[in-house]
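Undergrad: Once you've had a glance at the structure underneath, I'll fire off some questions.
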Number of protein chains: 2
Amino acid sequence: MTGYPHGMARQELTERAPGTERIQRKRGKRVKEIVETAAELFGEHGYDAVSLDDVAERLDVTKGSLYYYFPSKEELATAAIETLGDEWTARLERLAEQHEGGHAGLLRTLLHEHITIAVRDYPAALRLFLVPRAWPTAQADRIKELRGRHDAVFRRVIEAGVDAGEFTVTGVDTTLQCMHAAMAQSPLWCARLRGKARGNAISELTETLMMLVGQPPRTG
Amino acid sequence: MTGYPHGMARQELTERAPGTERIQRKRGKRVKEIVETAAELFGEHGYDAVSLDDVAERLDVTKGSLYYYFPSKEELATAAIETLGDEWTARLERLAEQHEGGHAGLLRTLLHEHITIAVRDYPAALRLFLVPRAWPTAQADRIKELRGRHDAVFRRVIEAGVDAGEFTVTGVDTTLQCMHAAMAQSPLWCARLRGKARGNAISELTETLMMLVGQPPRTG
DNA sequence: ACAAAATTTGACCCTGGAGTCAATAGATGA
DNA sequence: TCATCTATTGACTCCAGGGTCAAATTTTGT
């Protein structure tokens, strides 16, 4: 009757950490496994179409076990979006910091990286993150915040490029929305492709999106 | 114990039409009402999130009544997509035929019209039609066919424009996909806007998408 | 080796929603 | 007005799937 149901219990967790560090790490690892599997499935088939039994089955456990870590299906989905969304937002932010060179170069890098992550690592999860209303409405706020951070990375480059006279856009927001919409779908288009064909598709999409800021496509 | 359950019974319907013409028209009208209401709801909340009770309620009838016209929820959803998809595909095809002038002009018209229909008339249904996997998988084929026709309208203009040296694209398919992705989301972005603001948003989106074929945005 | 803590199980409850159907109400035409 | 066809109802079945929980199993620290 002990155990720490529903994993987090966030406040207490920081005050007097239950279990040893080793156990905590182990737990964290398990949570991550669950979250990634869930994201995979939710993104692929949609929130409603995936049952917790499905998630459990893919993990070779039972539904009940999931409830040891998450209090509800909604929380699980939200955790999935938050965790993964945070991960690659951070990655893009890092790229943006490190980069030196023109704005076009940076934007191209960001787009390419973003699409690559989406297609290669999280073919499904990205859609969850980017497509409004794909997740349970109750959680919309927590996700919106994250989405804002994500947007900001792209917004900064675009605005900088426009100010520098390098880019031409009709409206920054609209441009952003178009980019997101396209990237959110990209996993579907590239799902079947492998190896070189996939790489080409990603590059082609990147170049196409660069045109949204008035950058003529590169030859090659 | 008679009646013509599940409406169509397609073969027989053409051979020996049941009921008088007047009754048939009336029936068709009812079917259309149902289909439009269903499309509205499905598109807005997603297939799974909408129950037939929801659809019935909005129509001020009972679920059982829907089953008099459609054999299943899936069939209803498919009918919704087919009917509406066919309608506006036809409208775009007509526009393309009538048009005289440059390719850029035609593409701009098509985009603008398409987004306008989406936002004004069927804020929701369009997403059903354009976003892969938003509908029950069993029906995917029937919808894909329709989607093909729809794509063709845009593909023709783009290819013509490229051949004429008016447009620059990295790849026609990729360009098409980006356009569709953006248009599919447009109702979400413009949902809250009304009147002039909405018109502006639509125009801005149109101009932004024109950039995908290398057309600099118009001022104004 | 053993007790306490951490994890997993599987059987169980309960609700929402798809689909059915006999009975009823409403149209229509003779 | 009556008989027949059309349309609608509402009560019903059935089940997938979210969520619960006591008991069993595994892991951990001593």
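Undergrad: Being away from DNA strand C (no atom under 15 Å from the Cβ) and surrounded by fewer than 19 Cβ atoms within 10 Å (Cβ to Cβ): is that true of residue A:44 here?
TA: Yes: the conditions hold for residue A:44.
Undergrad: Could you tell me which residue of the range A:16-66 is farthest from residue A:183 (Cα to Cα), considering only residues that are within 14 Å of chain B (Cβ to nearest Cβ) and hydroxyl-bearing (Ser, Thr, Tyr)?
TA: Out of the qualifying residues, it is A:51.
Undergrad: Within the range A:19-66, track down each residue that is more than 9 Å from DNA strand D (Cβ to nearest atom), small (Gly, Ala, Ser) and touching an Asp or Glu at 6+ places or on another chain (Cβ under 9 Å).
TA: Matches in the range A:19-66: A:46 only.
Undergrad: Among the residues of the range A:185-208, how many are at the interface with chain B (Cβ under 7 Å from one of its Cβ atoms) and not charged (D, E, K, R)? Spell out how you get there, then give the answer.
TA: Our first condition is that a residue be at the interface with chain B (Cβ under 7 Å from one of its Cβ atoms); within the range A:185-208, this holds for A:185, A:188-189, A:204-205, A:207-208.
Now restrict to residues that are not charged (D, E, K, R): A:185, A:188-189, A:205, A:208.
Qualifying residue count, the range A:185-208: 5.
Undergrad: Which one of the conditions (1) crowded, with 16+ Cβ neighbours inside 10 Å; (2) within 21 Å of the chain's Cα centre (by Cα); (3) not assigned by TED's automatic domain parsing to the domain that holds residue A:121 does residue A:69 fail to meet, given that it meets all the rest?
TA: Failed condition: (2).
Undergrad: Scan (1) outside the structural domain of residue A:162 (by TED's automatic domain parsing); (2) in contact with an Asp or Glu (Cβ under 9 Å, 6 or more places away or on another chain); (3) part of a helix (DSSP H, G or I) for the single condition residue A:104 breaks and write down its number.
TA: Every condition holds for residue A:104 apart from (1).
Undergrad: For the range A:159-174, enumerate the residues that are more than 17 Å from residue B:189 (Cβ to Cβ) and within 13 Å of another protein chain (Cβ to nearest Cβ). First the steps, then the outcome.
TA: Filtering the range A:159-174 for residues more than 17 Å from residue B:189 (Cβ to Cβ) gives A:159-168.
Selection gives A:162, A:167, A:168.
Undergrad: Consider the range B:53-94. How many of its residues are near DNA strand C (Cβ under 8 Å from one of its atoms) and among the basic types (Lys, Arg)?
TA: Selection size over the range B:53-94: 2.
The values are calculated or read from the model by the stated rules, or taken from the named source; none is laboratory data. Given the structure is predicted, the values throughout are model-derived calculations rather than measurements. Positions of Cβ are generated from backbone atoms using ideal geometry, with glycine treated the same way; all protein chains shown enter the neighbour counts.
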